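Scroll down for the structure; my scribbles are underneath it.
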Amino acid sequence: MKKIPVLLLIATVSFFQYCASSKKNTTAPVHVSLTYAANVQSTVQANCSPCHMPPKGSKKPLDTYAAVKDNIGDIITRIKLNPGERGFMPFKHEKLSDSVINIFVQWNTDGLLEK
């Protein structure tokens, strides 16, 4: 009779030992590179128009991939400024959220991919 509880205990421990997640997740998070077409273009259109969108815009046009790519350093510098600081963008609007600013920063870091 004493063997049954001992065997049951050993079987239970063995069962739960194999159920436990002893494998560690060794896969690194997948990094998806941002692109102008998928991530940046709509952000520029939403936050930089109408001032930087011809024909209504009176400022440097930012309506093409090439224009945004060529000015990315200045764009990042200016959107990181705080309202009231000289050169702050978007002019006469609230500061962009950190997540929106990070889109530009990450796109730049990723190599300014178009598509």
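Just so you know, all these numbers are worked out from the coordinates, no wet-lab data involved. Everything numeric in this text was worked out from a predicted model, so none of it was measured. For neighbour counting, all protein chains shown are included, and Cβ atoms are generated from backbone atoms with ideal geometry for every residue, glycine included.
Just a few scattered comments:
- Cα-projected label distance for Arg78 with Thr109, points at 7 Å along beta-carbon direction, nm: 2.3
- Backbone HN-Hα couplings from phi across region 91-108 [Karplus 6.51/-1.76/1.60, Hz, Gly and Pro as x]: 3, 6, 9, 6, 4, 5, 5, 4, 5, 6, 4, 5, 4, 5, 4, 5, 4, 4
- Protection proxy ranking for 79-85, 34-40, using the average of other Cβ atoms within 10 Å per residue and placing the highest first: 34-40, 79-85.
- Violating pairs (Cα-Cα greater than 22 angstrom) within the set Lys59/Lys95; Lys60/Lys92; Lys56/Lys115; Lys60/Lys80; Lys95/Lys115: Lys56/Lys115; Lys95/Lys115
- Amide H contacts under 5 Å for Leu113, placed H, 5+ residues apart: Tyr36
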